[in-house]
Amino acid sequence: MPRSHAPVPVLTIDGPSGSGKGTISRLVAERLGWHLLDSGALYRAVGYAAGMEGLDLSDAEAVTRCAETTRIGFRPDPTGGETRVIVNGLDATDELRTETAGAAASAIAAIPSVRQALLAKQRSFRKAPGLVADGRDMGTVIFPDAAHKVFLTASAEERAKRRYKQLKEKGLNVTLGTLLREIEARDARDASRPVAPLKPAEDAVRVDTTGMPIEAVVAKVLALVAPAGE
Ligand SMILES: Nc1ncnc2c1ncn2[C@@H]1O[C@H](COP(=O)(O)OP(=O)(O)OP(=O)(O)O)[C@@H](O)[C@H]1O
Ligand SMILES: Nc1ccn([C@H]2C[C@H](O)[C@@H](COP(=O)(O)O)O2)c(=O)n1
């Protein structure tokens, strides 16, 4: 009789922009020694590549072709900094982190055939010993059988303040009011699209991180994966 193997465990971390998904996913993946999927980077990369090709982002056929053909890779930073995202052979990490790239990603992510084009790539990240997957539909669509699901939230004001601090530290000229409006507009679009909208999976644990230090959120998420005493 062939031995049946337990599926590779997955922890999904979904939530709106600035809720801390990327930060918490990276730290939790490091602590667990698991792989990491930043699914938002894939959508950002396609939006960026489509922009570089001069495509109309509402042209579903052209953008889908772009999603099918764009080569996207992740490379650890040799100095221990942010993971580099390589798009068609070029390091596009800095360009992808802007709010403009976020808005472009949100627009093309509403096209069902673009989501379909990125499906297999996302699932290919599921490798032993485990995967932490960060996004909007990780728990609902991409890994519905995940063993652990978290939905991170924080008030829109807190998320805008976090983004403001982050961008100011990078030397960018931004205003809190504009960031708040951009974040609210992006969340509204991501939550209202008919396909794979931003929403908690029914079996997700919701964690409101408003006023919660990063380490406290990490500890809470780790406790869900490996409860004390196990
Ligand atoms: N609990 C927290 N308290 C304070 N700051 C936080 C917290 N979690 C994350 N941050 C900070 O908020 C900023 C945004 O976090 P992060 O990029 O992880 O959010 P995100 O949900 O992945 O956003 P996006 O979906 O737009 O990529 C970062 O500067 C991060 O350090
Ligand atoms: N699983 C995902 C991940 C991302 N998107 C879209 C919607 C977001 O606004 C945009 C950028 O994501 P971020 O890098 O901010 O996490 O990409 C999605 O639809 N599904």
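The values are calculated or read from the model by the stated rules, or taken from the named source; none is laboratory data. These numbers were taken from a predicted model, which means no experiment stands behind them. Please note: Cβ atoms are built from the backbone with ideal geometry, for glycine as well, and neighbour counts cover all protein chains shown. In case anyone asks, the SASA skips ligands and DNA or RNA and just uses the protein heavy atoms, side chains included. Shrake-Rupley method; radii C 1.70, N 1.55, O 1.52, S 1.80 Å.
Give the relative contact order (percent, whole number) for the chain; include only Cα pairs under 8 Å separated by 6+ residues.
Averaging sequence separation for qualifying contacts and normalising by length gives 32 percent for the chain.
A simple spin-label model places the labels of A185 and K127 3.9 nm from each other, with each point 7 Å out along Cα-to-Cβ. Would you please classify the overall shape of segment 62-162 from the alpha carbon gyration tensor, given that a ≥ b ≥ c denote the square roots of the eigenvalues, rounded means a/c under 1.5, and beyond that prolate means a/b larger than b/c while oblate covers the rest? Rounded shape, in that the Cα axes give a/c under 1.5.
From the square roots a ≥ b ≥ c of the eigenvalues of the alpha-carbon gyration tensor of segment 8-225, which class results: rounded (a/c under 1.5), prolate (a/b over b/c), or oblate?
Cα axes put segment 8-225 in the rounded bin.
Heavy atoms of the protein chains alone define the surface here; on that basis the chain has 51 Å² accessible area per residue at 1.4 Å probe size.
Using a probe of 1.4 angstrom, how much of the accessible area of segment 8-225 is carbon and sulfur, in percent? C and S atoms contribute 55 percent here. When +1 charges are put on Lys and Arg Cβ atoms and -1 charges on Asp and Glu Cβ atoms, the dipole computed for segment 162-230 relative to its Cα centre reaches about 420 debye. Answer with one residue from T70, P129, V174: the one whose Cα lies farthest towards the positive end of the charge dipole of the chain, charges on Cβ with Lys, Arg +1 and Asp, Glu -1. Farthest towards the positive end: P129. Site pair S58 and N88 shows an inter-label distance of 2.3 nm when each label is modelled 7 Å from Cα along Cα→Cβ.
Going by a ≥ b ≥ c, the root eigenvalues of the Cα gyration tensor, does segment 109-230 fall in the rounded group (a/c under 1.5), the prolate group (a/b larger than b/c) or the oblate group?
Here segment 109-230 falls in the oblate category.
Students often get this wrong, so check it: of K121/K161; K21/K121; K121/K168; K127/K168, which have C-alpha atoms separated by over 31 Å?
K121/K161; K121/K168; K127/K168
The peptide list 173-186, 37-50, 135-148, put in order of mean Cβ contacts within 10 Å with the highest first, becomes 37-50, 135-148, 173-186. Assuming charge only on the beta carbon of Lys and Arg (+1) and of Asp and Glu (-1), the dipole of the chain about its Cα centre is about 320 debye to the nearest 20.
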